[in-house]
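Novice: So that we are looking at the same thing, I have put the structure below in structure tokens.
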Ligand SMILES: Nc1ncnc2c1ncn2[C@@H]1O[C@H](COP(=O)(O)OP(=O)(O)OP(=O)(O)O)[C@@H](O)[C@H]1O
Ligand SMILES: [Mg+2]
């Protein structure tokens, strides 16, 4: 198992190289001049040119990429923000706690709603509960997040005034609406996956065996069946969580939460290349780590997979 | 057929209602199993043997399955009328079942020990330590080292899985054991061991059994009486001696003729001609008539009812009915 984890971590290196090369190339060819953004359109051309020279923006592509890579490998330095002149790593880490809180609370809402709904739907296939909840889930998947967010704000913040409408300064209470916004969409996806996975499993012979032993129906479903149905469920939960850790731009914007998503969008607008590059790299790493975590979880759920991890 | 009655199946009809049509998997079945008796249930694939077994345990998957009518009287009470909570106390405890396919009958994400312990803890008032001890004893009983109780099904061979399933079914000393082709996945030596084990249970614990098989050799070895099934019907039902000495139904006769025996030469082997009929579209009259060497025009018209040809020997064939085949 340890060896497996180590192997997977090493495999991250080429992935990260690939990701960084792609994002670097995209940024290189993005129209717009960072120097002009920083100094303003009215700044004299000489001044702009000097800044471009200083930032290394006049170097050929491979020199720029090489310099950036060398900084990371030799000095652990991802770069310096053009706008704030601060370390990119610090910029990201300032924003990450907000994103992490959002992601965790969103996923908790999604799992708490999605998994039970999926299980009940599967055990009562074609019942009214099943039909209604799968219809609502379809709505949940297709409803835009920002619209959901605005409805929630209108109802709970503006009209009822129960909950704050923006920021994260009210502790747990300020997380409730954003978490519901993010969680409902993910819950819909998780519920649908749980349902189909459970439907597959409850047809299996070993479920009949469990019933033939005289086991009660709740244990048959929640122990015998669920544990076998878990792999695809964990997979979608992992994907949702990994996605949320990369920042939820629309939700962060509507609720004015300073997260990684907004940082990225602002930086792209400002042609703040180092922050964008560092941010993408960071997002790719968190996503890969969540994936690795999911794969490790597989081993705890399914002994057959565990015996394959070497 | 003198033993005290343990199980009585009366007029049982089980259908599977699917989009492609209705399968009459069990059609008007009447059987009895006495205390300590072993009933063999014999028939080709699709005859309705497993469905009968599931019907007894009230485990027919619904939908598509449906028990249309009939009674399954066990120790004087109709299992089909029992409340869910009451039937659960019987399943795995007084009536237990060895499932046909050991590869899929075990839960892949639980250790075999957990799976055996589960049934022990459900029905016996024992501590966890006692349950573990009992689980290990059961494994030893079927020839698997007790220490392997912590292993998962994928770590066992097919034959060992079959024995785990057997251990699980025996864990609570059932009064009635339903064994659905318990030896098909096993090689000949293990097969003999398993059959010995079952015979021992029968002798020592007076366990009643329903032995589902398509192997008439096994029937000869362990059964007291036999029901021959064809397309959901019990076509012949009698004790073993009668069946082997004077098989009456043309299908039974066909089954015996299709067994290779050492003292007959190969080319005298006569498999029953034709194929099992489409289960959703059974032939009119006697379902066996298209394959029956003796069939007449009447067989396609009239549905035969069971006739007691000699005391305790029931045959569902018009040949023995009043009026005969014509
Ligand atoms: N869940 C189901 N849905 C629809 N039809 C079914 C179902 N289970 C069984 N059947 C049908 O019912 C009939 C009897 O099936 P059953 O499994 O009882 O046969 P069997 O005698 O046990 O055969 P085998 O020797 O192959 O185990 C078959 O025609 C089968 O196709
Ligand atoms: Mg069967």
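Novice: Please indicate, with yes or no, whether at least one residue in the range A:235-247 is away from chain B (no Cβ under 14 Å), more than 19 Å from residue A:192 (Cα to Cα) and assigned to a loop (DSSP other than H, G, I, E, B).
Specialist: Scanning the range A:235-247, I find at least one residue that is away from chain B (no Cβ under 14 Å), more than 19 Å from residue A:192 (Cα to Cα) and assigned to a loop (DSSP other than H, G, I, E, B), so the answer is yes.
Novice: I've got another one for you. Given the structure, is residue A:122 over 27 Å from residue A:245 (Cα atoms) and touching a helix residue (DSSP H, G or I) at 6+ places or on another chain (Cβ under 9 Å)?
Specialist: Yes: the conditions hold for residue A:122.
Novice: Answer with yes or no whether residue B:169 is part of a loop (DSSP other than H, G, I, E, B) and either buried (at least 20 other Cβ atoms within 10 Å of the Cβ) or more than 14 Å from every other protein chain (Cβ to nearest Cβ) (or both). Outline the logic, then answer.
Specialist: Working: part of a loop (DSSP other than H, G, I, E, B): no; either buried (at least 20 other Cβ atoms within 10 Å of the Cβ) or more than 14 Å from every other protein chain (Cβ to nearest Cβ) (or both): yes.
Considered against the rule, which asks whether it is part of a loop (DSSP other than H, G, I, E, B) and either buried (at least 20 other Cβ atoms within 10 Å of the Cβ) or more than 14 Å from every other protein chain (Cβ to nearest Cβ) (or both), residue B:169 comes out as no.
Novice: From the list B:309, B:235, pick out the single residue that is within 16 Å of ligand 1 (Cβ to nearest atom) and touching a helix residue (DSSP H, G or I) at 6+ places or on another chain (Cβ under 6 Å).
Specialist: Numbers: B:309 fails: within 16 Å of ligand 1 (Cβ to nearest atom).
Just a single option satisfies the conditions, and that option is B:235.
Novice: Could you grab me the full set of residues in the range B:172-189 that are buried (at least 24 other Cβ atoms within 10 Å of the Cβ) and away from chain A (no Cβ under 13 Å)?
Specialist: Within the range B:172-189, just B:182 meets the criteria.
Novice: Across the range A:72-95, what is the total count of residues that are part of a loop (DSSP other than H, G, I, E, B) and either without any contact (Cβ under 8 Å) to a residue 40 or more places away in the chain or more than 24 Å from the chain's Cα centre (by Cα) (or both)?
Specialist: So the answer is 7.
Novice: Given the structure, is residue B:49 within 16 Å of ligand 1 (Cβ to nearest atom), away from chain A (no Cβ under 14 Å) and under 23 Å from residue B:164 (Cβ atoms)?
Specialist: Taking the combined requirement at face value, the residue satisfies it.
Novice: Can I ask one more? Quick one: what pairs do we get from the range B:37-59, first residue in contact (Cβ under 8 Å) with a residue 40 or more places away in the chain, second near ligand 2 (Cβ under 8 Å from one of its atoms) and assigned to a loop (DSSP other than H, G, I, E, B), C-beta under 7 Å, 6+ apart or different chains?
Specialist: B:50/B:100
Novice: To continue, here is another question. Being under 23 Å from residue B:206 (Cα atoms), outside any helix (DSSP H, G or I), more than 12 Å from chain A (Cβ to nearest Cβ) and within 16 Å of ligand 2 (Cβ to nearest atom) is the requirement here; does residue B:72 meet it?
Specialist: no
Novice: Could I ask something else about it? Being within 13 Å of chain A (Cβ to nearest Cβ) and within 16 Å of ligand 1 (Cβ to nearest atom) is true for just one of B:108, B:102. Which residue is that?
Specialist: Result of the check over B:108, B:102: B:102.
Novice: Please pick out the residue among A:174, A:218, A:197, A:166 that is under 22 Å from residue A:244 (Cβ atoms) and within 14 Å of chain B (Cβ to nearest Cβ).
Specialist: A:197
Novice: Let me ask something else about it. Taking the options B:28, B:48, B:40, name whichever one is within 16 Å of ligand 2 (Cβ to nearest atom) and farther than 22 Å from residue B:198 by Cα.
Specialist: B:48
Novice: For residue B:63, work out the one condition from (1) within 16 Å of ligand 2 (Cβ to nearest atom); (2) at the interface with chain A (Cβ under 10 Å from one of its Cβ atoms); (3) surrounded by fewer than 23 Cβ atoms within 10 Å (Cβ to Cβ) it doesn't fulfil.
Specialist: Result: residue B:63 fails condition (1) only.
Novice: Another one. Given the structure, is residue B:55 in contact with a strand residue (DSSP E or B) (Cβ under 9 Å, 6 or more places away or on another chain), outside any strand (DSSP E or B), under 26 Å from residue B:218 (Cα atoms) and more than 14 Å from every other protein chain (Cβ to nearest Cβ)?
Specialist: Answer is no for this residue.
Novice: Ok, one more. Which of (1) within 13 Å of ligand 1 (Cβ to nearest atom); (2) crowded, with 18+ Cβ neighbours inside 10 Å; (3) over 25 Å from residue A:217 (Cα atoms) is the odd one out, the single condition residue B:44 does not satisfy?
Specialist: Answer for residue B:44: the failing condition is (2).
Novice: Kindly evaluate residue B:89 against the criterion of being within 14 Å of another protein chain (Cβ to nearest Cβ), over 30 Å from residue B:279 (Cβ atoms) and in a helix (DSSP H, G or I).
Specialist: Taking the combined requirement at face value, the residue satisfies it.
Novice: Could you identify the single residue in A:250, A:292 that is surrounded by fewer than 23 Cβ atoms within 10 Å (Cβ to Cβ), at pLDDT below 90 and either in a helix (DSSP H, G or I) or more than 14 Å from chain B (Cβ to nearest Cβ) (or both)? Give the steps one after another, and end with the answer.
Specialist: Values: A:292 fails: at pLDDT below 90.
Residue meeting the stated conditions: A:250.
Novice: Given the options B:211, B:160, B:198, name the one that is over 20 Å from the mean Cα position of the chain (by Cα) and either within 16 Å of ligand 1 (Cβ to nearest atom) or surrounded by 15 or more Cβ atoms within 10 Å (Cβ to Cβ) (or both).
Specialist: None of the others qualify; the one that does is B:160.
Novice: I'd like the full set of residues that are at pLDDT 90 or above and in a helix (DSSP H, G or I), limited to the range B:209-237.
Specialist: none
Novice: Scan the range B:72-84 and tell me whether some residue there is under 28 Å from residue B:303 (Cα atoms) and within 16 Å of ligand 1 (Cβ to nearest atom).
Specialist: Yes.
Novice: Restricting the search to the range B:172-203, which residues are part of a helix (DSSP H, G or I) and over 26 Å from residue B:35 (Cα atoms)?
Specialist: Across the range B:172-203, the qualifying residues are B:188, B:189, B:190.
Novice: With respect to residue B:252, is the statement that it is in a strand (DSSP E or B) and either away from ligand 2 (no atom under 16 Å from the Cβ) or over 25 Å from residue B:95 (Cα atoms) (or both) true?
Specialist: no
The values are calculated or read from the model by the stated rules, or taken from the named source; none is laboratory data. Predicted model only: the values in this text are computed from it and were never measured. Neighbour counts run over all protein chains shown; Cβ positions are idealised from the backbone, glycine included.
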